[in-house]
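Here is the structure we will look at.
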Amino acid sequence: MTSHDTHWFYALFAMLILFVLPSTSTAELELHISKSAGDGVPIAIAPISGGANFIIEADLKRSGRFTTQRLTNKTKLSIFGGALSATVLKTIKAEYLIRGRLAKTGLDIELIEISTGSKAAVFRIGHVTNRRRMAHKAADKIFERITRLKGAFDTRLAYVTSTGHRPNKHYRLYIADSDGYNPHIILNSNQPIMSPSWSPDGSKLAYVSFESGKSAIYVQDIFTGKKRIISGKKGINGAPTWSPNGSQIAMSLSVDGNSEIYILSVHNGALKRLTNDRAIDTEPAWSGDGRAIIFTSNRGGAAQLYKIPAHGGQARRMTFMGSYNSAADIVGNKIALVRRNGGQFRIAIMQMGGSGADIISTGKYDESPSLAPNGTMIAYATQRKGRGKLVVVSDNGKSKQELHAPEGEVREPAWSPYIR
Amino acid sequence: MKQATRAQIYLLPLLISALTLAGCSQLQNKKSDKKNRMTTTTVNKSGSNRGQDFSGKDLAGKERLIGGGGGGGSASTDGFNSQGIDTKDLGMDSGKSGGAQSQGFGVDPDSQAAIDAEIQSAIDALMAEGKNKPLTPADIKNPNSILAQRVIYFDYDQATILEKYKPILAAHAELLANYPEMRIRLEGHADERGSREYNVALSERRAETVRQYLSFKNVGSEQMENVAFGEEKPLVPSHDNTAWSKNRRVEINYVTY
């Protein structure tokens, strides 16, 4: 009886929030799932008061590894802690069943293996002020239990928007949940903002802003909003990328007359030049162990990816297919990049040390690939009807969702590391 | 002769309208700045109409993310606008007149060769007109002067100065060499194809080749500064060959004038 009462309480609470708080956000990205896996692990999800089931379902879907099924009717089977009868379980055509409840103490979840009727996992997600994060955390646990890969749904995306027309354009740097919800403006400017890069602890963003009239690199704490300039040299200050241990930031500077890769020590501000070539050298990305940097150079005539030891040395060309390869992003052994094939700029995934690559996007001007910290999803920027929008695609290409801004353009997604 | 008048007819109203636009834009900039600030302080943006009660109430408490910074250049190293001139808007003027002008000749916009020929003949006419008079700073505002031409264009993924633009650069070099107190910003731009930071580097190379050319023509290095915007500030916001050819450019913006 008490349990019923709490259900009502939370349902009422949900209604209150729905009606009392109108949608104040005009900047929230609109999410469209355009493709989802039909051959993933079949998983059924029972309703959870408060709607956490919808968030869990969407998360599992966009991983490209699950085929989800919604249980709509409330039976004993769909209630958290309810009895599990083998005969009733058999009516669900899935491998797993998720049920849960939102209680005062948190979000309780049961993952049930349908063939055996046993509980594969039972856990509680404690209260978090951003309540959507509770559902993402639950989806992470479920994902991890079934795929044995760490979940990356409870993460964030940084991205840049531009609205208006010359000369009254506005640029904003946002961070949002990885599914586009809960957007927050980090920086507002009437000059371009570019190249957001997360610190490995997820607490800061490095980015390029032209707010002073020319490019400079800033580091901003996302919680306090405090920012400081870390590079404001003559010429280009571009492409900041944090090293995996957070002690260094690689960047592209043209202070010596031509764009080269430099490494800045976060601790003492020491600057070390890594490349020395008359060609364009930019877009550094760190290998997972921090020992090498992959960057874009047109030293061979057109843009290609090159690899150089992070302590200096000889650069070796890494890409030989496609007339233009650039903008690497690395997670583990996976490298996401922009590749031109014919007249189309597409996102490709290659393996460190491998030679082939899979093209995973279908647009004409796709750019700025950014891998989720577990490497299972890639966010990138594309154009639809001449407007910039974001796409999140699973690494197997089976699931795809689009994120549109209600007005203007969205671009340069940067996927955060795991949030602690 | 016919070409000269034609060019004049197009240039004068364009310059006037460009100046008017610049005036308006400054007003509007101020307005939208205000709006910006309001948006910045409105931190609590969240969707509450989707996904039921999980959408909206994350915003109190320590998880909250502070929107901050503000684009006003609080942490800036700005030294450019000390003369009180909005260099951005100046860039807009020259860009607009340059871009719109070559479109305004009534030729098939897809025909690059025809556009080139028109630009060339307009340049020739302007050159012939001002041949015997030394250039002065006042000529920058004279739509009939070659100095009204302050944008030059580049081939795809190239930073080489095309022959046809050298007379324009030579004229600016002459003025700058004779008036060493004058300062310019060379703003490099790229079309949208390719990755963004690569395009910043490419646009920097374009500005740099122009800087080197002017330097070779006796312009002091202290008179020039490069700014590379990559693909971030297209002149023409559409996505086709015509737009791209206008967006691959270097704008010569006079700062101390």
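Outside any loop (DSSP other than H, G, I, E, B), out of contact with any Asp or Glu (no Cβ under 9 Å at 6 or more places or on another chain), in the same structural domain as A:LYS400 (by TED's automatic domain parsing) and closer than 21 Å to A:ASN130 by Cα: does that describe A:ILE186?
Considered against the rule, which asks whether it is outside any loop (DSSP other than H, G, I, E, B), out of contact with any Asp or Glu (no Cβ under 9 Å at 6 or more places or on another chain), in the same structural domain as A:LYS400 (by TED's automatic domain parsing) and closer than 21 Å to A:ASN130 by Cα, A:ILE186 comes out as yes.
Within region A:348-397, considering only strands (runs of 3 or more DSSP E) that don't extend past its boundaries, which have at least 2 residues that are under 11 Å from the mean Cα position of the chain (by Cα)? Steps first, answer last, please.
Details: elements: A:357-359, A:367-371, A:377-384, A:387-394.
Strands (runs of 3 or more DSSP E) meeting the threshold: A:367-371, A:377-384, A:387-394.
Please verify whether region A:169-187 includes one or more residues that are over 23 Å from A:GLU28 (Cβ atoms) and of a type in the set (S, T, N, Q).
no
Which one of A:SER215, A:SER243 is within 10 Å of chain B (Cβ to nearest Cβ), of a type in the set (S, T, N, Q) and in contact with a Gly (Cβ under 9 Å, 6 or more places away or on another chain)?
Selected residue: A:SER215, the only one of A:SER215, A:SER243 that is within 10 Å of chain B (Cβ to nearest Cβ), of a type in the set (S, T, N, Q) and in contact with a Gly (Cβ under 9 Å, 6 or more places away or on another chain).
Just give me the residues in region A:320-338 being within 14 Å of chain B (Cβ to nearest Cβ) and in contact with a Ser or Thr (Cβ under 8 Å, 6 or more places away or on another chain), in sequence order.
A:ASN325, A:SER326, A:ALA327, A:ALA328, A:ASP329, A:ALA336, A:LEU337, A:VAL338, listed by residue number.
Looking only at region B:95-152, count every residue that is modelled with pLDDT of 90 or more, among the hydroxyl-bearing types (Ser, Thr, Tyr) and not in a loop (DSSP other than H, G, I, E, B) and tell me the total.
The total comes to 0.
Within the group A:GLN344, A:GLN351, which residue is within 14 Å of chain B (Cβ to nearest Cβ) and surrounded by fewer than 21 Cβ atoms within 10 Å (Cβ to Cβ)?
On the way: A:GLN351 fails: within 14 Å of chain B (Cβ to nearest Cβ).
From the options A:GLN344, A:GLN351, the qualifying one is A:GLN344.
Could we say that A:THR224 is of a type in the set (Val, Ile, Thr) and touching a Phe, Trp or Tyr at 6+ places or on another chain (Cβ under 7 Å) here?
The answer is no for A:THR224.
Would you be able to tell me the number of residues in region A:228-247 that are in a strand (DSSP E or B) and surrounded by fewer than 22 Cβ atoms within 10 Å (Cβ to Cβ)?
Residues in region A:228-247 being in a strand (DSSP E or B) and surrounded by fewer than 22 Cβ atoms within 10 Å (Cβ to Cβ): 3 in total.
Of all residues in region A:267-302, how many are exposed (fewer than 14 other Cβ atoms within 10 Å of the Cβ) and touching a Pro at 6+ places or on another chain (Cβ under 9 Å)?
The total comes to 2.
Tally up the residues in region A:190-206 that are facing chain B (nearest Cβ under 10 Å) and crowded, with 24+ Cβ neighbours inside 10 Å, please.
Of the residues in that region, 3 qualify.
Testing A:ARG156 on (1) charged (D, E, K, R); (2) in contact with an Asp or Glu (Cβ under 7 Å, 6 or more places away or on another chain); (3) closer than 29 Å to A:PRO309 by Cβ, one condition comes back false. Which one is that?
Unmet for A:ARG156, out of (1) charged (D, E, K, R); (2) in contact with an Asp or Glu (Cβ under 7 Å, 6 or more places away or on another chain); (3) closer than 29 Å to A:PRO309 by Cβ: (3).
Can you name every residue in region B:242-255 that is within 12 Å of another protein chain (Cβ to nearest Cβ) and at pLDDT 95 or above?
B:ALA243, B:TRP244, B:ASN247, B:ASN253, listed by residue number.
Would you be able to tell me the number of residues in region A:166-188 that are within 7 Å of chain B (Cβ to nearest Cβ), over 19 Å from the mean Cα position of the chain (by Cα) and surrounded by fewer than 24 Cβ atoms within 10 Å (Cβ to Cβ)?
4
Would you pick out the residues in region A:73-103 that are of a type in the set (D, E, K, R), at pLDDT below 90 and in a loop (DSSP other than H, G, I, E, B)?
A:LYS74, A:LYS90
I need a count of the residues in region A:199-227 that are assigned to a loop (DSSP other than H, G, I, E, B) and aliphatic (A, V, I, L, M).
1
The values are calculated or read from the model by the stated rules, or taken from the named source; none is laboratory data. Model, not experiment: these values are computed from the prediction. In this analysis, Cβ positions are derived from the backbone assuming ideal geometry, glycine residues included, and neighbour counts consider all displayed protein chains.
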